[in-house]
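Structure first, then comments.
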Amino acid sequence: KSRKANKNTKKFKGNKEKCKAQIFQDEIRELCLKNDLNEAVIKYEEMKENKIELEISTFCFILSACGKEQTIKNSSKKLSDFAFETAKRMLSELKEIHGENVSENAYTALIRSACNAGNTEYAKSALVTMRNSQNAKPKLRSYSPIFSELSKSDKIDEIIDLWNWSKKDEVSLEENQYLDIFNVCIASSATSHFDDVMKAYADDMVVPQTKQAWEVLKKYFEKIGSHTCEETKVKFSGQCFSCKEMLKSIDVSAKSRERLLEEIAKLVCTNDQKVSEWKGFTEWAEKEGSKYDVIIDGANVGYFRKKVDKNSKSYADLEQIDWVAKHYKRKGKQPLVFLHLKHMEESILNEASREVLEKWNRENTIKQIPPNTNDDWYWMWLAIRNGSGCLVVSNDEGRDHKFGMLQPFSFDVWTERHQVYFKFGKWKDGRRQILVDEPPLYSKRVQFEGGHWHVPVEESNDWLCVRKKSNGNLKG
């Protein structure tokens, strides 16, 4: 009995200690969420004094608070230094207790706190340690605080080194980081790296989000005095009103196209049955698929402006899809409709739909997709495979598709050049009008040609034309 009682006592004490540790941990978490770093550290000290087990999550809560802008914003230098010193201490003690298996979150919080304290040298050394770690691959959020802090300086070599590190780590920069580099180019009057950075910016940014980028570029070109900047428009043909240069249509590269095709295949082939179905589809595509130059997202067109009852089965309108198919056939195109089998079951077809389906089968205008499959990946794969001349008719914005892709930028470039948005007009001469918004003759993205830069903006149809000066005069 005494041994059993002793065992139960130990178990009770163990549970009591776990409960106590959880209470402290919850309190620290709440304090960190409120950005009360000082009180969170006091609670941490109490845990140490009471020899309460310190879990990894406890360190992560405090580290996260150390790196938060809200913790430091509008505060004294003393507080930012306290946060930085606390972050260093937390990371050190985390390693002592739990070993070198430090997460990306922890390193990123340390980098942020170092940058908040103005210590970019320490932030860079922490990033180097992180890059050499087997367990913590840097992300954009690991790099962005250092870019932001360096943008306040004229240290062009340092920010270019940082940019090169990000490329080696396969971290894609966003617009803010490129603007950080441009700001350092302005401060340092550096011209040696600008062209390389600007070309990378053009490749990585389909369209700048706001005119903030324009203002930064204007400052740079005005400072070096080699170009002049003018806000302008572009004609329907693609000709710039200002310099008369013709803008180009820029599609995804062959390499990017292949990578997109590979990614889609991986997303589809999740089990043996889907692998078999995909194999059959790609073999058909090799033999028969190349002739199609308009791909129709059947479900998207068939459900357009249809009221869908969530409590009952609904089906795509085949006649509505056929309006779009006939529209492109009249233009000499070869359309192909992608549609799930469920929309073509004999039991749900009326006479008109049956006639449409028979015609599609007769003219090889339909590709039926097996059940329990995302038909979007099928039509998207064929459209990408068929290259620059192939259009896709769909109002789907593709947000879900982009989220699942490893290279969303390439997907954005592809959709900008290939996607056709549609709506239905009035009936005229017994025919429904199809109103389509096809890609323009030129790409709305940063372009460079003949010493000229053309920079669009997401929020309007305006362009920034940057023209190179020649012998005191403007080219073009």
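The values are calculated or read from the model by the stated rules, or taken from the named source; none is laboratory data. Bear in mind that the values here come from a model prediction, so they are computed numbers and not experimental data. Every residue, glycine as well, gets a Cβ built from its backbone with ideal geometry; the counts of neighbours run over all protein chains shown. Note: areas computed on protein heavy atoms with side chains; ligands, DNA, RNA excluded. Shrake-Rupley method; radii C 1.70, N 1.55, O 1.52, S 1.80 Å.
Largest accessible area first, the listed residues Trp360, Trp323, Trp377 line up as Trp323, Trp377, Trp360 when surface is computed with a 1.4 Å probe on the assembled protein chains.
For the pair Met246 and Lys34, a Förster radius of 60 Å applied to the C-beta separation gives a FRET efficiency near 0.55, rounded to the nearest 0.05.
Largest accessible area first, the listed residues Ile186, Ile295 line up as Ile186, Ile295 when surface is computed with a 1.4 Å probe on the assembled protein chains.
DSSP finds beta bridges in the chain, and of those with both partners inside it, around 65 percent are antiparallel. In loop segments of region 72-152 as defined by DSSP, the GluC sites (Glu not before Pro) with at most 16 further C-beta atoms inside 10 Å of their C-beta are Glu100. Backbone geometry of region 385-398 corresponds, through the Karplus equation with coefficients 6.51, -1.76 and 1.60 at θ = phi - 60°, to 3J(HN,Hα) couplings of 4, 7, x, 5, x, 9, 9, 10, 9, 6, 9, 5, 6, x Hz, x marking Gly and Pro. For region 19-121, the set of chymotrypsin sites (Phe, Trp or Tyr not before Pro) satisfying both a DSSP loop assignment and a count of at most 13 other C-beta atoms within 10 Å is empty. Between His98 and Ile224, the contour length at 0.36 nm per residue exceeds the Cα-Cα span by 40.1 nm. For the residue pairs Lys218/Lys469; Lys219/Lys248; Lys287/Lys331; Lys235/Lys469; Lys248/Lys444; Lys274/Lys367, alpha carbon separations beyond 18 Å are given by Lys219/Lys248; Lys287/Lys331; Lys235/Lys469.
How far, in degrees from 0 to 90, does helix 408-418 lean away from the longest principal axis of the Cα atoms of the chain, to the nearest 10? Helix 408-418 sits at roughly 20 degrees to that axis. Extension gain for the segment Glu85 to Lys329, taken as residue separation times 0.36 nm less the Cα-Cα distance, is 80.9 nm to one decimal.
Sorted largest first by accessible area at a 1.4 angstrom probe radius, with every protein chain in place, the residues Leu63, Leu341 fall in the order Leu341, Leu63. Note that region 37-127 presents 48 Å² accessible area per residue, ligands and nucleic acids not counted, probe 1.4 Å. Checking every one of the trypsin sites (Lys or Arg not before Pro) in region 116-197 against DSSP loop status and a limit of 12 other Cβ atoms within 10 Å picks out no site at all.
The candidate values were (i) 34.1; (ii) 24.5; (iii) 29.2; the one computed from these coordinates for mean projected area of the Cα convex hull in nm² carries the label (i). Extension gain, Ser153-Arg362: 0.36 nm per intervening residue step, less the Cα-Cα distance, totals 68.4 nm. Just the number, please: carbon plus sulfur as a percent of the accessible area of the chain, 1.4 Å probe, no ligands or DNA/RNA counted. Reported share for carbon and sulfur atoms: 46 percent. Here is how the number arises for the chain: DSSP H runs of 4 or more residues each give -39500 (n - 2.57), the sum is divided by the residue count, and the result at 222 nm is -17500 deg cm²/dmol.
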